[in-house]
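The values are calculated or read from the model by the stated rules, or taken from the named source; none is laboratory data. Remember, it's a predicted structure, so these values are computed and weren't measured experimentally. We place every Cβ from the backbone using ideal geometry, glycine too, and count neighbours over all the protein chains shown. Quick note on the areas: whole protein, heavy atoms, side chains included, nothing else; ligands and nucleic acids left out. Shrake-Rupley method; radii C 1.70, N 1.55, O 1.52, S 1.80 Å.
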Amino acid sequence: MENVSDTMEENSSQSLDTSTESLKSEETASFKGDNDVRDKLVRQLHKCNGNTWSEFENIGNPGFNPEFNKPQSQPSKTVLHVCQSLKNLIQRDASESFSSSILPYEPSIPSDQWLLGGQLGSRNAILVFKSSALANPTTRSNQDKPGHKLHVTYKVLQAETKLLSKLLDCHGITEVPPNSSDFNLLWTGSHPKPGTLRTLAPHQRVNHFPRSYELTRKDRLYKNIERMQHLKGLKHFDFIPQTFVMPTEFKELCSTHHRVKGPWIVKPVASSRGRGIFIVESPNQVPLEEPVVVAKYISNPLLVAGHKCDLRLYVVVTSFDPLIIYIYEEGLVRFATVKYDSSHKQLWNPCMHLCNYSINKYHSDYVKSDDPSAENVGHKWTLSALLRHLKSEGKDTTLLMSQIEDMVIKAVLSSANSIICAWKMFVPHPNNCFELYGFDILIDSNLKPWLLEVNLSPSLNCDSPLDVRLKSAMLADLLTLVGVPAVDPILRPTSTVNLTKGNLGLKMKLSNCRRVHSADGLSNVSLSKKQSSTVSTRRISSASLQPTPEESRIVKNAQAQFDRRGGFVRIFPAVDSWTRYAQYLDPVTGIPISGIVSSSYNVTNAHNFNMSLYSHLFPDMPARVNRSNEKQQARAKFSSLDRKRESSFDNNTFPPRMNGRQDRYERALSRGHKQALVLCKITKESQSIELRKKIIDMLKCGKKITQCEARKTFSQYLVCVLKKIVSAPDQDDHVEIVLKFLQKASNYLRTPYSVKAPSTKLETKDRAAIVAKQLNDFLYLYNRETDMFVDKSEKPSQIPKDLYQEFLEHARECDLEEVLIYQTTHVVPNYNASPGFQGVLKCMPNVSKQYGIKPPYKQNKLAKVKIAGSS
């Protein structure tokens, strides 16, 4: 028996040696050859010893101890060699499988490549942006970038862009003054004026389309979707809660409330950051003196560990005609701080019912993670972390993301009509505009998504390491996606010279003018069925003809965008777009219908760019919706996430083993900057004391500070008060003092702002969080008005600006207190008996008029206080 065993082992060893030689000779073989070698090695190992592979796998593992895990018999060198060969083969196969499932989605750009489409100086070259540039930037590294060599510039208007500015600076791009016209990128927090849009050159980019408020104003968004509900059926647009616009629809709200009881959520039509939002149980509690929307409150939200949550997704539209929509693969999940109570006994608690970060961050129970790699820690998660959590509970996350994609597309379609009109009217070049939207989505307990609102300029503030990581990666991919041309804004080609107003007006009249109107309550007009059928047939048959130069440009631009999409996922057009959404497009022009009268120009050479682009991207898919075909109707119900993409980009280029877009939404975030943007400055106490003494001595000698400096001092002091409330929420007397101050000081703002006292039924820490949120809102409006001040040339009677700016940078709370009290009372306070912020806020009414610090309007009878630095 021993001889037989030895013989079998010898034969096995010979066979293994043969397999090993076979493996070495077939390292460059096809995938099928690798399978043959793998199968042969596995069979030989199985014959030899079943424990050899498991023992081999344990070697090198942290928990493996050879003293306690000794094999029964020592494997031969040949067996170990074959195990190593088989492991290498499996690792190579896994690497190929990973690259085939991941790399096709994100075309790899070399780490040292900062241009695409051509060399430096090429007219087709565009800049490449990477979040990795934020890591350890130096002056030398920034100057080596193409942006610096070409003097590429950007301009910021009315926007908080610390992250954007830092990212652009690290790519060698310089900021120019607001009045400069020599820029490559304009980033603004509000809608650009028509005059600004008309003068854009081909190389310039701006982050807004005209009339985007049709999608971002809450009243316009609902009215546009409501019109599509009437036109195409409620079941196709049943993703937004029933909403009423006040005060015009108050009667409709009351009649609906009698049928379906509340609660209702009240929101200002054009606000953000959770400002002015509250919940009511009866229409009698709804204010009618200002425009607000009242929406049905979703009372069965999805709960994670008992907490309500909502989603912030980043959606990019690079073109409206043809319509091209991308959604970023990663988003944010925001949790309410207080656990949800389904009994509705605490409707007055916004920290339970509202998930806005701007509200919950002031709560003492809010948990903020300091680890940028922790995606499911604290009250802010990533989208992928939530999807993986839901998937572990057996939820259908594929269906959820399919519904979210469908919601985003239909929301854009419902508002696109009027945006296209303004785009064609005011924007001279097709690639000038792009739009980054922030979609806020609530998921209910049935895993149905609801659209809450769409934000025009989603916040890019980075209050946590996770924010920095996600938003830096998203912003870098966004700038690369939209394609900022690598062009010197001053030495640009002659062909990019702006059109004159006369030529531009003529161009707008003679070009593809398809006038559409805003959703303003006009009746519906549609083509006859016979005419629609004839036109649709003509368009479909013409798709196979030679494309026009404009169509070729559109297809080429769409392909180039797709190739540099980074972490963005294109959801429209997709392989099933025409089957699912053609019914919402005009059969002649291809633009989204709106159900209103549109007195179009009689243009004989109109093009259906949506159909043309779809036909070129998906040539194997029929660009026709046959509603009599039940099979196509059934197929339209399925999501593109459930089918493999059959586009010329996806299947024709990449292996058919891809898992679909769902994998991208669920995989962990792998990129992004992982460090704080600004390091905390360490201020020496002696330095702050010395600066304070200098300022006080100058004030004693008759020196003055400007109105802008006074307002900045007071604003910085209120920030210290805000931090004190958040850190010590149990001090109820502090909260009451701040609340009384806000109720009086809000009367002096130019922007109407009302302060609502939180319910006395709330706990102290909940009241403190609400008051802190209102103080932060006051600071936001107060600082925005401060930015309107323009200090004239420095006068000899004023404190030097550089010195006072240095004082503000290093000032502590006590330093600000002393300057503010002396400014208002001309008495230096006793440091041993500092009045604290209560005393400072109480002495604010005694502001001296010699500084020109007065309230802008006539005071109310109930508010006779003057705050320091009020304009």
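Quick notes on this one:
- Among the residues listed as Lys765, Lys744, Lys723, Lys761, the single one being open to solvent by 20 Å² or more (accessible area, probe 1.4 Å) and outside any helix (DSSP H, G or I): Lys761
- Enumeration of residues in the stretch 698-720 that are within 29 Å of Tyr362 (Cβ to Cβ) and small (Gly, Ala, Ser): Ala710, Ser715
- Qualifying position, being free of Cβ contacts under 8 Å to residues at least 60 places away in the same chain, within 21 Å of Leu669 (Cβ to Cβ), part of a helix (DSSP H, G or I) and open to solvent by less than 30 Å² (accessible area, probe 1.4 Å), among Leu386, Leu390: Leu390
- Restricting the stretch 109-139 to residues that are modelled with pLDDT under 90 and charged (D, E, K, R), the residue that is farthest from Arg565 (Cα to Cα) is Arg123.
- Checking each residue of the stretch 194-213 against the condition of being among the polar types (S, T, N, Q), more than 29 Å from Val412 (Cβ to Cβ) and touching a Ser or Thr at 6+ places or on another chain (Cβ under 7 Å) gives no match.
- Scope the stretch 86-107; condition polar (S, T, N, Q) and modelled with pLDDT under 60; matching residues: Gln91, Ser95, Ser97, Ser99, Ser100, Ser101
- Selection of the stretch 328-361 for residues being among the aliphatic types (A, V, I, L, M) and either open to solvent by 30 Å² or more (accessible area, probe 1.4 Å) or part of a loop (DSSP other than H, G, I, E, B) (or both) yields Ala336, Val338, Leu347, Leu354.
- Residue satisfying all of: in the stretch 239-268; β-branched (Val, Ile, Thr) and open to solvent by 50 Å² or more (accessible area, probe 1.4 Å); farthest from Val454 (Cα to Cα) among these: Val260
- For the stretch 121-138, a residue qualifies if it is outside any loop (DSSP other than H, G, I, E, B) and either open to solvent by less than 20 Å² (accessible area, probe 1.4 Å) or of a type in the set (A, V, I, L, M, F, W, C) (or both), and the qualifying residues are Ile126, Leu127, Ser131, Ala133, Leu134.
- Of all residues in the stretch 154-187, exactly one satisfies the criterion of being surrounded by fewer than 20 Cβ atoms within 10 Å (Cβ to Cβ), among the polar types (S, T, N, Q) and touching a Leu at 6+ places or on another chain (Cβ under 9 Å), namely Thr174.
- Qualifying helices (runs of 4 or more DSSP H) (wholly inside the stretch 545-644; at least 3 residues being surrounded by fewer than 19 Cβ atoms within 10 Å (Cβ to Cβ) and modelled with pLDDT under 90): 630-636
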